[in-house]
Every structure is written in structure tokens, then in C-alpha cells.
Amino acid sequence: MKTKDIMAAILFGCLATPVFATEVNDTLVIEDAKKVKIETRDTVQRIVISGTKEDPDFHYMQRISIPDTSAVRRTVKNVRDFNRITIKKNGKPSKWTHSWHFNVGLNTMLDTPDGYDFKVWPSFEIGVGSTWDWHPYGKQNEWSIGWGINWHGYAMDDETHWAKVNDVMTLVPYDATEKEHDTSLQTFSIQLPLLYTHYFDKEHDWGITVGALVNWNVHATGQREYEKDGEDYEVHTKKIGQRPITIDGFMKLCTPWLPSIYCKYCPMEFFKKDRGPKMHQLSFGICF
């Protein structure tokens, strides 16, 4: 080889070396990716990105050797997005996911006797829970089981209050000397949700959930507040005879614009037989 050819080859090698080093250290930014797939097996990780907003045929693949798989870390900031992620193990998608739920809404009692006037406002409920979601036939069909806690506050007409008469809960008028009345019914329950959800799109933006909520009603009180002779009083009537177990019919509508909207109704009477008036619980609100 001639001397000038050797010098040209050395010069090319010197120029090319920093170019390739720079490419390795570059940061690749892909905006609006349609699909990102990350597979981690043994000591190899593969990243595949398919499609972007501007170019649906875009395809990128990178294979990385990982000496220590314990060094791999995953961070997800958005809880809703986390619920959509399926971790693959040994190349097979997991059929189980886990999600948290929070709901707030209004409630009232239906089918009550005359004189039992419940107000929709300021009656309200608050609940929180968690479900394990099973997808045996694809991500658009979801069966869920879990747990939750729920608190109800039922506001009532302020001219009467709860009292236990011969072990039966009933409403009686306030004394003429008692002013500034406030009457309510408070309940606390532990829930077991048994639900089915069908999503109408792969992004889980649109969907409907139906099922049952099994309630263990661990606490309930009739409450009244009033003023008498310049003093404020608050009285709680306990052991009111609520049913220990009730079942609510549940329905929820998922949309991409608003929090999910739910409604639930209990066909079972709130009180045990001969322990209080016949009435049924109804709730509706939003959940996240």
C-alpha cells in the first residue's frame, strides 16, 4: 500500500472515531409515539417504538445488554397510565393488574314511609378501595375483585330526630325548648366489589362497569344536634339495628373527558325486620 493511502486511512479513522462516539451518547427524542414496547429477558433488554403522530410507519428498535437486571428501574408518575401498563414475564403478558379507586357522591333513602324525609343535599358519601383486575380474554374485558371502605351521611328533615323506642328506631319531634335542629343518619361499611368492565376502545377511554358491592355494615348511628338554654348538644343513638350485610347493584360509566360517573342502589332494606322503617339506599357521584 502506498504511503499516501496509509495516511488517508489513518486520517479517516481519526475523524470517524469521535463521530461514532458522539452518536452513542446522543439523546433520542421521539414525540407522540403510538406504541412503545419494552422487553427485558435475562441480561438483554429490547425497546421497540412503532408509529408517531407525524409518521405512522415509523419504526425504531434498540437492543441493550444488561449485565445486572436488578439495575433496571421503572418509574410511572401518572396513576391512571400505570393501570394501563402490562408487565411481560418470560414473553407472556400478565392477565392481572392492580388499581386504586376513590369516589365521592350524594345519597338518599328511597321507599320511605310518610314523615321520613331524607335530603339529597347535604347528604353525601366518601369511599376508597382497591381492586385486582383480571383480563383472561384481552384488555377490553375486565373482571375485578377487591376491597373498600365507605362512609354515608344521610341528612334529614330537621323537625324530628331518631330515637329508639322499644328497641325500634323511629322519628320523634324535638322538644319545644330545643332549637337549631340538625338530624342525620351515619353509616360506615367495609366493601367487597365484584365487578365486570367492558371497554369499547383499547385506550380504556370509554367503558361501562356493572356488578355488585357486598357491604359489611360495621357501624351506624342516628345523630341529632340542637341548642338548649344557650348550650349546644350532640346525641348519638347506637346499636340501631341495621342489617349487618347488604348488597348494592353498581354501575359506572367511563369517559375520556370527565371522572367516571357511578350509581348504586341497594334492593335490601336498611334495617333488620321490625327494627326500623323500610327504606333502600341510593347513591350516585363520580369516582377516580
Residues satisfying the stated conditions in region 190-207, i.e. open to solvent by 60 Å² or more (accessible area, probe 1.4 Å) and of a type in the set (A, V, I, L, M, F, W, C): I190, L192, L194, F200, W206
For D232: the one exception among (1) assigned to a loop (DSSP other than H, G, I, E, B); (2) open to solvent by 40 Å² or more (accessible area, probe 1.4 Å): (1)
Residue identified as within 19 Å of V235 (Cβ to Cβ) and not polar (S, T, N, Q) among G211, G105, G146, G153: G153
Verdict on A220 being in a strand (DSSP E or B), under 21 Å from N107 (Cα atoms) and open to solvent by less than 60 Å² (accessible area, probe 1.4 Å): yes
Sole exception among (1) surrounded by fewer than 18 Cβ atoms within 10 Å (Cβ to Cβ); (2) in contact with a Gly (Cβ under 8 Å, 6 or more places away or on another chain) for V214, by number: (2)
Test result for I126, touching a strand residue (DSSP E or B) at 6+ places or on another chain (Cβ under 9 Å) and open to solvent by 70 Å² or more (accessible area, probe 1.4 Å): yes
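Each row is one residue, and each column tells you yes or no for (1) among the small types (G, A, S); (2) assigned to a strand (DSSP E or B); (3) under 17 Å from G105 (Cβ atoms); (4) open to solvent by 40 Å² or more (accessible area, probe 1.4 Å).
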site	(1), (2), (3), (4)
D133	no, yes, no, no
A155	yes, yes, yes, no
T170	no, yes, no, no
A176	yes, no, no, yes
Matching residues in region 252-279 - criterion: being in a strand (DSSP E or B) and open to solvent by 40 Å² or more (accessible area, probe 1.4 Å): L253, I261, C263, Y265
Boolean, H181 is farther than 19 Å from G105 by Cβ, touching a residue at least 60 places away in the same chain (Cβ under 8 Å) and surrounded by 14 or more Cβ atoms within 10 Å (Cβ to Cβ): no
Filter pass, G115 being out of contact with any Asp or Glu (no Cβ under 7 Å at 6 or more places or on another chain) and surrounded by 17 or more Cβ atoms within 10 Å (Cβ to Cβ): no
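The values are calculated or read from the model by the stated rules, or taken from the named source; none is laboratory data. Treat the numbers as computed from the prediction; the structure is a model and nothing was measured. Please note: Cβ atoms are built from the backbone with ideal geometry, for glycine as well, and neighbour counts cover all protein chains shown. Surface accessibility is based on the protein's heavy atoms, side chains included, excluding ligands, DNA and RNA. Shrake-Rupley method; radii C 1.70, N 1.55, O 1.52, S 1.80 Å.
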